[in-house]
Amino acid sequence: MSDETRDADDDGPFTRHGANGATPSDGVPLVDAAFPSFDAASVPPRPPLPAASERMPSGGVGPLDTADHNAIREQWRAARDELGSHVSHARDQLDQANERIKERTGRDLVLAILIGLAFGAALLGSLLFLKVLFVPFALAAALLGVYELSRALRSSGRRVDVVPQLIAAAFLVLSAYFAEPWLCWVMLFVSVAFVIVWRLIAQMVEKDGRTYGDVLADAVTSGFVQVYVPFLAGIALILLKQEGGQWWVLSFIAIAVAADTGAYAAGLAFGRHPMAPKISPKKTWEGFGGAVVASLAAGVLLAIFLLELPWWCGVIFGASILLSATLGDLGESMLKRDLGIKDMSSWLPGHGGLLDRLDSILPSTIPALCLYFLFSPWVVL
């Protein structure tokens with residue numbers, strides 16, 4: 001072919017760019033039927049690229065931009081702060097209510113509930129799974145009660161020998177479960193005689209010039225400790241070893257606790273009229289009414305669903321435990337007032353001492369054992 005179409009001074013060949021962009025000298029673009037003219041306005045604009053901070057490590061794009069992340073973070077922070085404020089407000093209200101109750105009753109309600117639940121769980125575990133597990137539970141409670149009572153009596157000027165009291169209490173409690181019932185009465189006589197003789201011999205050795213009346217009071221007090229705590233705990237173990245006795249032990253303890261709780265709640269809410277102001281000023285007739293309702297309801301429910309007895313047996317059971325629990329509570333209050341103390345000890349926060357919780361349970365062992373033999377037709381006396 002001829003190269004006449006090229007300029008004379010352009011000796012190099014046409015490049016691709018130059019060929020595509022070639023136009024005739026009059027500025028009209030070249031048009032080919034196979035390649036129509038290109039319209040730049042028909043091409044959509046290119047979307048903007050994401051910022052470098054929003055790119056994922058693999059080169060992709062993150063699902064949310066920074067503004068969305070910040071908005072979600074602020075929402076979570078606001079929800080968390082609102083929940084924290086609600087919890088703090090509820091805690092403040094509970095603390096204020098607890099302080100008002102503590103000022104009125106002298107008890108820390110929260111600690112009292114937690115400790116009560118812990119003891120209740122241990123009690124249920126020992127009675128529901130294997131009733132012999134209740135024996136060490138009762139032995140520990142009796143020994144601790146003897147120690148508390150002995151210390152309280154010694155603080156008031158009475159001479160009570162703690163170690164002999166603990167030894168006699170251990171033998172008395174264990175004999176109630178592992179020996180014949182009549183041997184428990186023999187062990188009671190032996191225990192009382194043991195602590196009294198020990199006290200008299202110790203007094204003769206000391207020769208401190210105490211009067212006859214004081215020595216006699218010390219001896220009687222020593223015998224009283226054995227009767228009040230380990231003997232009554234042994235009665236509970238005599239009931240426990242009977243056929244189905246674990247359910248009776250659980251029932252009378254539950255009724256005593258229900259009476260105590262009903263009296264506390266009703267007295268706190270409606271208490272206006274003192275029941276025995278010279279013995280226990282904080283006990284009211286309104287509280288006693290709450291104890292009556294709670295104990296009778298608990299007695300009927302336990303008799304029907306646990307002991308398989310008629311409902312009227314539950315009424316008698318509940319009324320008997322209510323009477324013994326109330327007398328035991330008032331009796332210990334009178335004892336503490338005579339000793340000039342508020343609680344037997346401070347080992348149980350919110351409760352005082354262990355005897356402050358057992359004061360209504362220990363006397364209730366006697367009517368519980370009697371009603372077991374009365375309402376159990378298969379028992380041969």
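A few points about this structure:
- Put the Cα centre of the range 263-304 next to the Cα centre of the range 318-337 and the gap is 12 Å.
- Global geometry of the range 130-287, whether rounded, prolate or oblate, following the gyration tensor of its Cα atoms and the 1.5 cut on a/c: oblate
- Close amide-amide hydrogen proximity is noted between M275 and K283, T284, W285, each under 5 Å apart and 5 or more residues distant or on a separate chain (H modeled in the peptide plane; Pro and chain starts excluded).
- Placing +1 on each Lys and Arg Cβ and -1 on each Asp and Glu Cβ, with no other charges, gives the range 189-314 a dipole about its Cα centre of roughly 280 debye.
- Extension gain from A170 to D92, taking 0.36 nm per residue of separation minus the Cα-Cα distance: 23.5 nm
- Protection proxy ranking, peptides 213-223, 288-298, average beta carbon neighbours within 10 Å, highest first: 288-298, 213-223
- On a per residue basis, the convex hull of the C-alpha atoms belonging to the range 188-235 measures out at 58 Å³.
- Among A291, V249, M334 - extreme Cα towards positive end, dipole of the range 249-355, charges at beta-carbon: M334
- The range 112-255 - percent of accessible surface contributed by carbon and sulfur, probe 1.4 Å: 77 percent
- Of the chymotrypsin sites (Phe, Trp or Tyr not before Pro) found in the range 121-155, the ones in coil according to DSSP and having at most 16 other Cβ atoms within 10 Å of their Cβ are F129.
- For the range 151-225, the dipole from Cβ point charges (+1 on Lys and Arg, -1 on Asp and Glu) about the Cα centre works out to 220 debye, to the nearest 20.
The values are calculated or read from the model by the stated rules, or taken from the named source; none is laboratory data. Since this is a predicted model, take the numbers as computed values, not measurements. For neighbour counting, all protein chains shown are included, and Cβ atoms are generated from backbone atoms with ideal geometry for every residue, glycine included. The protein model used for the area step is the full one, side chains on, heavy atoms only, and it has no ligands, DNA or RNA in it. Shrake-Rupley method; radii C 1.70, N 1.55, O 1.52, S 1.80 Å.
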